[in-house]
Amino acid sequence: MSLFQRTTIALARSPMMGRAMRAMAARSSLASRFVGGADVDAAVGTALRLREAHGIRASLFYLGEYVADPAAIEHNVTQSIAACEALGRAGLDVHVSVDPTAIGYMDSDARGEANARRIGAAVSRAAGGGQDWVVLDMEDSGIRDRTCGLHRGLLEAGLPAGLTLQARRRRTPEDLHWAIRQRTSLRLVKGAFPERELDHDGRARIDQAYLDAASIMLSPEARKAGFLPVFGTHDDRLAGAIMTMARERGWAPDGFEFEMLYGVRPDWQRALRGLGYNVRVYLPFGGDWWPYAIRRVGENPRNAWLLARSLGSD
Ligand code: FAD
């Protein structure tokens, strides 16, 4: 990990910076670039505009992670449930993403699982027959096994649950072989939590691991099972290789999805949609935007100018 990335991770974890930045959210260039709204109504408004103007779908994500306080956990859960209800009323996909550490896993596994079931049930209740899912984000390796176990438990309970897996982890193919036999949505990302002893080494190997995993996700078994492959990447080289692979194996362009972060490469998002592919954006909302937005700067130093503007007096 570069010194720049380490610095942005330290900034993301600084409570003092978080408090200061929340206070100035209204005028922050960083927040307005990467966050889709301060509350549920604003976020659903953004999702509606994206759908109507560009045919792009959204997954709403209430900002808040690594939370142990029961009141804060309950707030995160009720916001996700409110997002499901508002998406249903708006006639959009009832699609939300959640971090297990935001909904109870920092407190107890039983609380986390119970809350995930509440959100899954809210998706089912509001679902309108589109792509309606609660997708579990994948955080650091300390919670990986519990997140995979939670995903299985939700599916066994008949809830519409999806999972995120990280291509950088050497173990990912093992989990994929089980997942592709399920009726589930599986989002493949490169991975934002580097851990040297668990990961493929270097960018080229991670990219190759991404394509190897994509090949498993686009296998005939996956198609037979009604599995939904989701490729969470802004990397156009990888997307190009996946489009070719999918075409050669007979997948229709709308049989899988590309998913990108709100505010990142919007032109590329529209271009892919223009080619007939399903495109979704991961659309964060809420006031606790600082750790999320500063990680986007860590991923791409070119976003540092947004940070500079946010810290300045504009
Ligand atoms: P990169 O090689 O990093 O980037 C490809 C291209 O996109 C480059 O040209 C780069 O300049 C551009 N780009 C990438 N990021 C940015 C940015 N922030 N701003 C501007 N340009 C950028 N990680 C997890 O560990 N767990 C998760 O649950 C998780 N969920 C995710 C969900 C979605 C929908 C997405 C898109 C990502 C998620 N991530 C998650 C983050 C992911 O792991 C990567 O860190 C991130 O997507 C960058 O990798 P990339 O595939 O876009 O490739």
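Odds and ends about this structure:
- Search result, residues across the range 219-234 that are surrounded by 16 or more Cβ atoms within 10 Å (Cβ to Cβ) and closer than 21 Å to Ser59 by Cβ: Ala222, Phe227, Leu228, Pro229, Val230, Phe231, Gly232, Thr233, His234
- Matching residues in the range 142-187 - criterion: being of a type in the set (A, V, I, L, M) and closer than 22 Å to Val94 by Cβ: Leu150, Leu154, Leu155, Ala157, Leu159, Ala161, Leu163, Ala179, Leu186
- Looking across Arg270, Arg302, Arg296, Arg196, one residue alone is at pLDDT below 95, closer than 21 Å to Ser59 by Cβ and either surrounded by 14 or more Cβ atoms within 10 Å (Cβ to Cβ) or within 16 Å of the ligand (Cβ to nearest atom) (or both). It is Arg296.
- Test for Gly91: is it in a loop (DSSP other than H, G, I, E, B) and farther than 22 Å from Ala192 by Cβ: yes
Matching residues to (1) in contact with a Lys or Arg (Cβ under 7 Å, 6 or more places away or on another chain); (2) in contact (Cβ under 8 Å) with a residue 12 or more places away in the chain; (3) assigned to a helix (DSSP H, G or I):
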{"residue": "Ala82", "(1), (2), (3)": "no, yes, yes"}
{"residue": "Leu87", "(1), (2), (3)": "no, yes, yes"}
{"residue": "Val96", "(1), (2), (3)": "no, yes, no"}
{"residue": "Arg117", "(1), (2), (3)": "no, yes, yes"}
{"residue": "Met138", "(1), (2), (3)": "yes, yes, no"}
{"residue": "Gly142", "(1), (2), (3)": "no, no, yes"}
{"residue": "Gly153", "(1), (2), (3)": "no, yes, yes"}
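- Within the option set Gly162, Gly91, Gly64, Gly120, being crowded, with 20+ Cβ neighbours inside 10 Å and on the phi > 0 side of the Ramachandran plot holds for one residue only, Gly64.
- Pairs where the first residue, in the range 261-273, is over 13 Å from Ala239 (Cβ atoms) and the second is of a type in the set (Ser, Thr, Tyr) and not in a helix (DSSP H, G or I), C-beta under 7 Å, 6+ apart: Leu261/Tyr282; Tyr262/Tyr282
- Each residue in the range 225-245 was checked for being of a type in the set (A, V, I, L, M) and either in contact with a strand residue (DSSP E or B) (Cβ under 8 Å, 6 or more places away or on another chain) or under 16 Å from Val281 (Cβ atoms) (or both), and 5 pass.
- Boolean, Asp137 is within 24 Å of Val67 (Cβ to Cβ) and within 15 Å of the ligand (Cβ to nearest atom): yes
- Every residue from the range 98-115 that is assigned to a helix (DSSP H, G or I), small (Gly, Ala, Ser), within 28 Å of Gly130 (Cβ to Cβ) and more than 13 Å from the ligand (Cβ to nearest atom): Gly112, Ala114
The values are calculated or read from the model by the stated rules, or taken from the named source; none is laboratory data. What you are looking at is a predicted structure, and each value in this text was computed from that prediction instead of being measured. Cβ atoms come from the backbone with ideal geometry, glycine included; neighbour counts cover every protein chain shown.
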